[in-house]
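Below: the structure, in structure tokens.
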Amino acid sequence: MKEQIRYDVKMGILHEWWKYLFVGMLILLVCAMEAGQEAECVKQKFFTEPSFGNYLIKWMRGIQPIQYTNRERQMAMPFEWMALQMSYLILIAKYTATDLEQNGYKLFIRIGKKSIWWYGKCVWVFLSTLLYYGLFYGILSCFAIATGSLQLEPTSEIWVGGIGSLTNANGIIQIFLMPVLVSTVIGLGQIFLELVVSPMIAIIVSCGYLLASLYWCNPLLLGNYSMIERNRAFIGEKGVSSIIGVTLCVAAMMTICFLGNKYIKKMER
């Protein structure tokens, strides 16, 4: 298993460095746009300088549950949240299917068990998710230091819009735990679908699932748990619970790992 994990780190992360560069540049570009907006607001004395917490809220607030108005849905697309999610999908796309197609036979002979290959990919998804969010938090930290402060608590009203404290337990869980858990589940689901159908269909399904989370505040749509404005601790009873979110994410991870293992064992060789 250790050999397989080392292989996936080398081939799926180190050799895919250009993907991290690409998504890092996307995040950097969006942050630069935000910093320009913030600088103009501060110059006009509309707001004071933002903190790390302000940037986190900007990226992770999402949108509140959508209400029906004259049978029509009113929604402003949360650009930063979508950029964060879609960049992650791009990051993990194709590696699993490509590795199976190009090296699967040789790897199965070498490691002896198909299960080890699959579980190695599951560990790779988790490590890739941690690295992705580490890159994300690092870029936001740099912009926060350059334009304001590194405080987790918002120090300005810019982008906050009534969001409460981020320094309590609920805030920490929502900002640092839920996005990682949700993305890990989405990533595992995507690599499983790559094996069952194709990488293109897998990423389309993943995108559709996340978009559905914007339209419906349903506990089974896990994207809801990565949005601040869908969390019960911030918006009240109409939101979703972090405890339920953690439970569902862990259950989904275990289920996908199990199903993937069953599927890979049954693949004809």
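Readers should treat all values here as calculations from the given coordinates under stated rules, not as data from a laboratory. Model, not experiment: these values are computed from the prediction. Every residue, glycine among them, receives a Cβ derived from its backbone with ideal geometry; neighbour counts consider all protein chains shown.
Values for this structure:
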| quantity | calculated |
| --- | --- |
| Positive-pole candidate from Met82, Met253, Gly120, dipole of the chain, charges at beta carbon | Gly120 |
| Residue-averaged [θ]222 nm for the chain, counting only DSSP H segments that reach four residues, each worth -39500 (n - 2.57) | -22000 deg cm²/dmol |
| Stretch gain in nm, segment Glu153-Val246, where the contour uses 0.36 nm per residue and the Cα spacing is subtracted | 31.1 nm |
| Rounded to whole Å, sorted largest first: equivalent-ellipsoid semi-axes of region 178-250, Cα gyration tensor | 25, 12, 8 |
| Convex hull of Cα atoms in region 219-269, direction-averaged projection (nm²) | 4.0 nm² |
| Volume of the Cα convex hull of the chain, divided per residue and given in Å³ | 133 Å³ |
| Charge dipole (debye, nearest 20) of the chain; +1 at Cβ of Lys and Arg, -1 at Cβ of Asp and Glu | 1080 debye |
| Too-long pairs where the Cα-Cα distance tops 20 Å, listed order kept, from Lys113/Lys266; Lys113/Lys262; Lys2/Lys121; Lys19/Lys121; Lys58/Lys94; Lys19/Lys265 | Lys58/Lys94; Lys19/Lys265 |
| Rounded D (µm²/s) - region 156-205, Kirkwood Rh over Cα pairs, Stokes-Einstein at 4 °C, 1.567 mPa s | 98 µm²/s |
| Cα-based Rg of region 111-161 normalised by 2.2 N^0.38 Å, two decimals | 1.89 |
| For region 1-41, the spread of Cα positions along each principal axis, largest first, Å | 53, 16, 7 |
| Tail beyond 20 Å, pair distance distribution of region 78-231 (Cα, percent) | 56 percent |
| Pairwise FRET efficiency - Ala32 versus Leu127, Cβ, R0 = 35 Å, nearest 0.05 | 0.80 |
